[in-house]
1. Within the stretch 815-831, which residues are in contact with a strand residue (DSSP E or B) (Cβ under 6 Å, 6 or more places away or on another chain) and surrounded by 14 or more Cβ atoms within 10 Å (Cβ to Cβ)?
2. Out of the stretch 469-492, which residues are in contact with a strand residue (DSSP E or B) (Cβ under 9 Å, 6 or more places away or on another chain) and open to solvent by 50 Å² or more (accessible area, probe 1.4 Å)?
3. Consider the stretch 756-770. How many of its residues are more than 18 Å from ARG434 (Cβ to Cβ) and open to solvent by 20 Å² or more (accessible area, probe 1.4 Å)?
4. Given the criteria more than 29 Å from ASP507 (Cβ to Cβ) and not hydroxyl-bearing (Ser, Thr, Tyr), does ASP577 qualify?
5. For residues that are in a loop (DSSP other than H, G, I, E, B), open to solvent by 20 Å² or more (accessible area, probe 1.4 Å) and touching a strand residue (DSSP E or B) at 6+ places or on another chain (Cβ under 9 Å), tally how many sit in the stretch 721-742.
6. Six or more apart or on different chains, Cβ atoms under 6 Å: show the pairs whose first residue is in the stretch 386-404 and open to solvent by 80 Å² or more (accessible area, probe 1.4 Å) and whose second is not aromatic (Phe, Trp, Tyr).
7. Where the second residue is assigned to a helix (DSSP H, G or I) and the first is open to solvent by 90 Å² or more (accessible area, probe 1.4 Å) and lies in the stretch 355-375, which pairs have Cβ atoms under 7 Å and are six or more apart or on separate chains?
8. Filtering the stretch 743-785 down to residues that are among the basic types (Lys, Arg) and in a loop (DSSP other than H, G, I, E, B), which residue is farthest from PHE827 (Cα to Cα)?
Amino acid sequence: MVAKALSPAEVPIVARATAPENIAIVEKAPGPKDISIVEKAPGPPDISIVAKATEPSGMPLPVEVKVAEPAEAAIVAKAPEPEEVAIEEKAPGATDIAIVSKATGTSDVALPVEAKTDEATDPPLVVKAPEVTEPTLADKASGPPDISIASKAIGAVAVPVSVETKAGDTAGGPLVAKATIHIPIVPKAKAPAEAPITEKEKVDETIGTSAAPATSTAAPIPIPPALPAAAPVRPKVVPEERLASLAPAPTKVLETVPAAALPGAKAASPAKSPSPALPSEEHVVEVRKRSAAPVLVMLFLLLAGVGGWYLWNDHEEQTAIQRQERLAFLERLGAKMIDARQWPEAKAAYSEIEEMSPGSQVALLGRRSIENGMEEEQQQFVGYWSGEAIAAFDLGRLDEAAAAARKVLEKYPDQKEITELLGKVEQARSTQMRDGLLAATNAAIQKRHWDEAEVKAKELSSAFPGDPQSNSLLSEIRQGREKEAKDLVRAKELLAAAKVRDQGQFDRDAMEWLREAVALAPGDPEIAALYQKMASYTRTLQVPGDFKTLPEALESANDRDRIVVAEGTWTGPVVVDKAVTLEGAGRDKTIVEIDAATSTALTFGKHAGGARVSGMTFRHRGNDPGPNRFPVLLVRGSEITMNDCRVADSAGHGLAVMESGNVKATRCNFENNGWDGVAVRGAGSRIEFSQCESTGNFGHGYDLWEGGSGAIHESLARDNSGSGILVDTTAENVALGKNDLRGNREYGITVSSAASGHIQANQCRENLLGGIAVRFAAARVVVENNVLEKNQGPGLALEKGLVESSFATNKANANAGGRNTAANLDFSSGE
C-alpha cells in the first residue's frame, strides 16, 4: 500500500505484502493464481485506499473485502454455505485512518493508499508485519473479482483491517465471507507527527492465493504473533447491489479467528501462537450497533453540510450569473437611452450599475456620455431656437419670436441672451401695440369718425398710462370735433350761396362752392343733393354706362364735363388734357392701375388746367428697379385739385409735380412708393396740401426741391426712409404748419435751403436722426413754436453760423442723451 498525506498534519504510510517481512494480507488458497493489490492507475481496475493516522507508530488498519459472486476461494476458512463472519477488536491509542479501495480484474493490482494524520512525520510511515513465511488473506477465485476495501483505524499500534471480497462463480460453489484481521503498522518518522507530508510513495502489494476444493479441509490462517485471534461469526451472503458500499469502521478492534474456528471448517495446522477466547455473536452485534450510530450521525452531518454547501454555492453562482446578466442589461439599456436622448432613464441605469459595482468604469463612462450628450443637445437646441427667435424678431413677427424664445427658456432658463431677446420682443410688442392704437386713432380722425377715434385714444391711454401721445390725440379729437362743427357751419353757408346761384344752368362759382361744401361736410345729405343737381347742368359721362373705358370717355369729353367712373379696377394709362372732373365711387373702390415699367397710371397735361379728381386710387402693378422709374401720378404744367384720393405702390414717386404744375389736395394719401410720396420739382411748381398723409415711402414723405415750393398743413408724414418733409429749394413762401412728423428714419423736417418760409406749430416725435435740422442756407426761414420730443437724435439741430437764440421758442424735451438742442454742427461731414 502507498499512503498519501492530504494536509500538513498527514504523513505517508507505505504497506507492502507478499514478502515475509511485510504485512500478511492474503492467505494462500488452492486454485487460481495469486491476487495482488497494485497502485491506482486511470481506468479500470480502479483501487483507491485512503488512510488517516495521527500517531507516527504502527496502527491497526481495518480492511473489509467482499466476494460478490460465488467462488471456491476461502478468505479465512472454507464455508459450505453463505454466512457472515465479523470479528472486531478495539485497538489502543490512534485516531482514525480511512482507506477506501476498489479493484477489478484478475491480474495483480497495486493498491495506492492515502493517509492523513494530525501530526507531521518527515519520513514515510511503513506498515510491517511480523515474520511470516507465507501470509495469505484470501484464496484466489476464478473469474474477475470486484474488491471493495474500506478501513478505519483507531489505534496507534495495531490496525484492524476489515476486508470484504466478492468473486465470481467457480467449480467449488458460491462463497461469501467477511472477516476482520489485524495488521501491524510500524511507522518510521524523522519529524514530529504534525509535520506536513511532501511526497507520495508507491509500493506494490502482492497477495498469493490458491483455490481449495469445497470438501477439503482448509488450512488455518496463520496468525502473526502480534495479532490476537478473532472470534468467528456466521458468514452472510452479500447482495450484488452492495458491491460498491463501504463498511463502517469498527469502534473496537477484534481478534483474528483461525480458519478451524469458523463453522463448517475442518481442522487446520496448529497456529504459531495460541488464540484467546472469542466473544459471542450477540456481543459482536451489539458492538457493531454501538459503533454504527456515531458513524451514521457523522455521515448525516457530513451529508447535510455538503448539501448545504452545495445549495449555498449554487445560490451564489446563480446570484453571480444574475448579477452579471443584470449589469449587461443595464449597460445596453443605458447606451440605448443615450442614443434616444432619454437622459433620466440613462442616469437611472448607470446609477444602478454604480450601486451594484462601485467604481465601475462602465458607470463612469456612461455618466460622461450622458454629460456630453446633454451638452451637445443643449447647444443644438439653443442654437436652433435662438436663430428662429432672432430671425422672427428681425422680421417683426413678434409672436413667433416670443414662442421660440420661450421654448429655449423653458428647457434652459439660464440662457441670458435669450432672456434679453425675450425682453426686446416684449418691448417691441408693446411698441407695436402702441403704434397700432396710434394708427387706428389717426385713421378714425382722418375719416372724421370722432367717436371711434376717441375710443382708441382712451384705450391707448389705459394701456400706456402717462403716454403723451394719447393726451395729444384726445386733444386732436376734441379740436377735430370743434373744427367739424365749424366746417359744418361753413358748409351750410356755402350751400346757401350755391342755392342763390342755382338758375338751372351750369355755374362755375356755384359748383366750386358746392365742392368745398361737400369736402367740409361729406356726410351732409342736403349738400350732396344740391351738388348732384347743379352738376347735372353740365354733361356727365358714365363709365362704363356711356363708355366702356375711361380713355374713351375722355376722348369724347369737353371742358367742364363730368366723368363718373364706377367701382372697379381700370387699366391705364389715362391722360387728361381737358378741364374735366373725374369722380370715382371712393378711393378704395375705383382704382386705375398699370404695370410699373410701362407708364404712369394718370397724367394731367398742360391743357388740363382746372381739372378735378376725387374718390379714386392710382397705383402700379409690380416693380421697376431702373433709375428712370415712372411716378404713378404726374402733373405737368397745369393746375388741378384732388380730394379723397390715394396714390400708392409706385415704382418711382407717388405724385410728381413739375413744369410749373400746381396741385391742391385735401384728404389724400400717398403710401408705399419707391421714391418720395410727393415730389415738387422746378421753379413755379407748387403744392398746397391739407389733411393729407404720406407714409411708408422709400424716400421722403414730401420733397420740395430745385425751385419747387409748397404749403403743407395739418398733414401727416410717418415712417418714411428719408425725412418727413424735405425743403431743399430756392423758392420763397414755403409754409409748414400743424403737421405731425414721426417715426421717420432721418429728421421730422429737414430745411436745407429756402429763400423764405415759415415753419411753425409742427410736432416732430420719435424720428431717428432728430426733430428738426436747419442748415445755414435756410437762415431766412422762420422756425418757431414747434414741439420736438422723444427723438433718437437732438430735438433741434443747427448748423454752424445760425444763431441759437433765433430758435428759442421751440420746445425740445426728452430727446436721446438729453440733446434737446445741438448747435454749430457741420452737416457737410455727415454729422
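The values are calculated or read from the model by the stated rules, or taken from the named source; none is laboratory data. Keep in mind that this is a model prediction, so the values were computed, not measured. Using ideal geometry, Cβ is built from the backbone for each residue, glycine included, and neighbour counts are taken over all protein chains shown. With ligands, DNA and RNA removed, areas are computed over all heavy atoms of the protein, side chains included. Shrake-Rupley method; radii C 1.70, N 1.55, O 1.52, S 1.80 Å.
1. Within the stretch 815-831, the first condition is being in contact with a strand residue (DSSP E or B) (Cβ under 6 Å, 6 or more places away or on another chain), and the residues that meet it are 820-823, 825, 827, 831.
Within the stretch 815-831, ASN820, THR821, ALA822, ALA823, LEU825, PHE827 meet the criteria.
2. Pass one, the stretch 469-492, residues in contact with a strand residue (DSSP E or B) (Cβ under 9 Å, 6 or more places away or on another chain): 469, 472, 476.
Within the stretch 469-492, just GLU476 meets the criteria.
3. Selection size over the stretch 756-770: 5.
4. It is false that ASP577 is more than 29 Å from ASP507 (Cβ to Cβ) and not hydroxyl-bearing (Ser, Thr, Tyr).
5. Within the stretch 721-742, the subset in a loop (DSSP other than H, G, I, E, B) is 721-724, 729-733, 738-739.
Restricting the remaining residues to those that are open to solvent by 20 Å² or more (accessible area, probe 1.4 Å) gives 721, 730, 732-733, 738.
When the remaining residues are screened for being touching a strand residue (DSSP E or B) at 6+ places or on another chain (Cβ under 9 Å), the result is 730, 732-733, 738.
Residues that pass the stated criteria total 4.
6. Within 6 Å, the pairs are GLU388/ALA404; GLU400/ALA392.
7. ARG367/TYR350
8. Only one residue fits best here, namely ARG780.
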